[in-house]
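Scroll down for the structure; my scribbles are underneath it.
Only the coordinates and a few stated rules stand behind these numbers; no lab work does. Keep in mind that this is a model prediction, so the values were computed, not measured. Note that we place each Cβ from the backbone using ideal geometry, even for glycine, and neighbour counts take in every protein chain shown.
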Amino acid sequence: MDNSVKRDERILIIDDQSLSQSYLRYALEQLGYQNISYADRAQTALSLCKQNSYDLIICAYNLPKGKDGYQLFDELKVSGLQQLNCGMIFISAETDPALVHSVLELQPDEFLAKPFVIRDLQLRIERVFRRKQQLRPVYELLQQKAYDRALLAVDQQLAQAELHKYFPLLLKLKGDILLEQQAFAEAATFFDAMLRIQPFSWARIGRARCLLHNNQEQQAFAELEHMLARSETRLFALDCLAELEFQQQHYQQAQQHILAAADIAPRNLLRQQKLLQLSRLNHDYELQYRAARDMVKYARNSIYEQPDLYLNLARASIDFALSTDDSEQQARLNRQATLSINTVQRQFADHKHTAAQQVLQARLLYLQDHRDKARLLLADLATQSDIDSLEDALDKAKALHEVGLSDASRALFKQISEHCRRQQPEPVLSAYLQQEQRERAAMAHGPRELNNNAVHLYQHGNWQEAFSAFALAWQVMPKNAGIALNLWQTLLTSPRPLCPPQQREHLLQQCYRLIENTNLRPEQQQRYLQLKQKYLSKLA
C-alpha cells in the first residue's frame, strides 16, 4: 500500500469507539488521506458539518447520548448538510435486516459491515471518490435544481464512450431528473427503452411511477405484483400497492401491504404514520397502538420528535384499552397513556397542548369507569372556535361522545367536516374522520356501553335490537372476542332469523374464527363450548 501519495479530500469520521476511530485513522493515513476530522457523537458531527464542507462522511450506527447514526444520517440529508457531491459510507456492527433496509432507504453511497479490513475500506472510498469526482458537474446542477442543464450534462457524459462504467448510474440519474421534472411521457418512453436493454430495478420503479401518475391502475398492479418477487423492488412495490388498494377502498389489503413494508424497514416514520391511519380505519386498535409506539421509539432524539407523537400514542393506548376485555392489558395501556401524557407535560412545556392533554385525562377517567368525572372535565373545556389540529379535534369529539355529551360531539364532528372541506386533509385521515363520524352517529352510547346495552336487550328477549347492537359493537371492535361470542350466541339462540341467511353464515364464520384463536375467560370458555356443540351440529 503506497502512502507516499498525499490526498487532500476532506473526510469526517463519526464513531464513538476510540479503537474504531484509531483503526479508521490508521487505515486512512495508510491510504494517504491527511485532512481528517473526528466526532464521537451526533451533535458534534452536526456542528462540524455546519461549519465545514466535506468530501466524504464515514458514519457509524452506534453513537452515544442522543441520536444514533441512522437519525444523524437522516438529519444530514433532510437539512442539506450533506451535499450531493459529498460521499456517505455508513458502517455498522449491527446487520439486522430491519436496520439495513432502513439505512438503504436513505441511499448511502456504501454500507460497510464491521469488522472490515483496510482493503475493503480502500475499495469503497476510492469507488465513492471516483464516482463523485466524475459526476460533480451533474451533482452541482442538481443541487441548484437546474434540471434542464443537469439533463444536458448527463447526456454529454453518456456520449463519451470512455465513461462506459458510469453509464448505469448516469442513466439512473437521467430517469430521476425526468421524474423530478414531471416529464412522465418522456420518462415512460425512457424507462421502457432501458428495460429492453437490461432489467434495471430503478427502471422498473420509474416505469411504475409513470403508470401510477397516468392512472393506469391495471398496468400498475401487474407491474407491482411482479416487483414484489424481487428484493430490490419489494419495498417500493408494497408502498405503491397499499396506496392503490386504499384508492379502491380495499382498506384491509392496503393495511397488509403497508404492514409488510413497515416490517421490512420500520424506521421510515411516514410509513409508520400510514400504518397507524390504516389500522384505525380498519378498527385494528392493537396495530394502531403498535404503530404509534414505534413512531415514538424511532423518533426519540431525532428531528421528528414532537409532542403530537406522544399524544397519539396516548390516544392509541386508550382506543386499544377500550376495545379489549383483558384487565391486565387495560392496566398496561392505562400506564402507557399516562406516561405519554406526562412526557408531553415534562418535555414539551407548551400551553397549546393543554386542552389536548385535558381531553386525554377525561378519556382516561372514562376508561377507569369514572364517567361523571370525565364528563365534568370535558364540560369545563371552552367551545373550540377554530381547529388547529384535526387529531386534537377528533379526540375531543370521541371523548364527548363517550361520556354522553352527544350534542356537543355532533356539533364538533360537523365543524371537523367543514374544516376538511376547506383544508383537504391527507386522504387516509379524511376517510377515517368520515367513518368515525358515521359510526358515532349510529351509536347512542360509547363503544364500551354498546356491548353492555346489547347484553341487556338480549336478556330481555329483544332479539332484533340486541343483534343490531352487537353487530355495531362488532363492527367497531372486530377483534374483541367477548363481543364476537355475544354476537355468535345471539345468532344461534334467536327463535327467528335476525338477518339474511348469507349474512348470518358469514357472521357466524367470522366470529367462530376469532373465538377459536383467542384465550377466553373461564366463564366465556364454558359458554362457548356449550354453544359450539350446537353450532357444529347445525353445520352437520
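Worth a mention:
- The requirement of being of a type outside the set (A, V, I, L, M, F, W, C), surrounded by fewer than 17 Cβ atoms within 10 Å (Cβ to Cβ) and under 14 Å from the mean Cα position of the chain (by Cα) is fulfilled nowhere in the stretch 284-292; no residue meets it.
Yes/no matrix, rows are residues, columns are (1) over 22 Å from GLU232 (Cα atoms); (2) surrounded by fewer than 15 Cβ atoms within 10 Å (Cβ to Cβ); (3) among the small types (Gly, Ala, Ser); (4) without any contact (Cβ under 8 Å) to a residue 40 or more places away in the chain:
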| site | (1), (2), (3), (4) |
| --- | --- |
| LEU46 | yes, no, no, yes |
| CYS59 | yes, no, no, no |
| PHE73 | no, no, no, yes |
| VAL78 | yes, yes, no, no |
| GLN83 | yes, no, no, no |
| GLY87 | no, no, yes, no |
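- Evaluation of LEU141 against (1) surrounded by fewer than 14 Cβ atoms within 10 Å (Cβ to Cβ); (2) without any contact (Cβ under 8 Å) to a residue 40 or more places away in the chain (one fails), failing number: (1)
- Hits in the stretch 185-195 (condition: surrounded by 18 or more Cβ atoms within 10 Å (Cβ to Cβ) and either in contact with an Asp or Glu (Cβ under 8 Å, 6 or more places away or on another chain) or of a type outside the set (A, V, I, L, M) (or both)): PHE190, PHE191
- Restricting the search to helices (runs of 4 or more DSSP H) fully inside the stretch 239-311 and requiring at least 3 residues that are of a type in the set (Phe, Trp, Tyr) gives 285-299.
- Counting the residues of the stretch 346-369 that are closer than 26 Å to HIS401 by Cβ and surrounded by 15 or more Cβ atoms within 10 Å (Cβ to Cβ) gives 14.
For every residue, the table says whether it meets (1) more than 22 Å from LEU84 (Cα to Cα); (2) in contact with a helix residue (DSSP H, G or I) (Cβ under 7 Å, 6 or more places away or on another chain).
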{"site": "ASP155", "(1), (2)": "no, no"}
{"site": "ALA161", "(1), (2)": "yes, no"}
{"site": "LEU170", "(1), (2)": "no, yes"}
{"site": "GLY175", "(1), (2)": "no, yes"}
{"site": "ALA183", "(1), (2)": "yes, no"}
{"site": "ASP192", "(1), (2)": "yes, yes"}
{"site": "CYS210", "(1), (2)": "yes, yes"}
{"site": "ALA222", "(1), (2)": "yes, no"}
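- Filtered residues of the stretch 37-77 (kept if hydroxyl-bearing (Ser, Thr, Tyr) and either within 24 Å of PRO115 (Cβ to Cβ) or not in a helix (DSSP H, G or I) (or both)): SER37, TYR38, SER53, TYR54, TYR61, TYR70
- For the stretch 227-239, the tally of residues that are over 12 Å from LYS274 (Cβ atoms) and in contact (Cβ under 8 Å) with a residue 12 or more places away in the chain stands at 9.
- When the stretch 397-417 is filtered for residues that are within 18 Å of HIS445 (Cβ to Cβ), part of a helix (DSSP H, G or I) and without any contact (Cβ under 8 Å) to a residue 40 or more places away in the chain, the ones remaining, listed by number, are LEU400, SER406, ASP407, ALA408, SER409, ARG410, LEU412, PHE413.
- Only one of the listed residues (SER317, SER302) is buried (at least 24 other Cβ atoms within 10 Å of the Cβ) and polar (S, T, N, Q). That residue is SER317.
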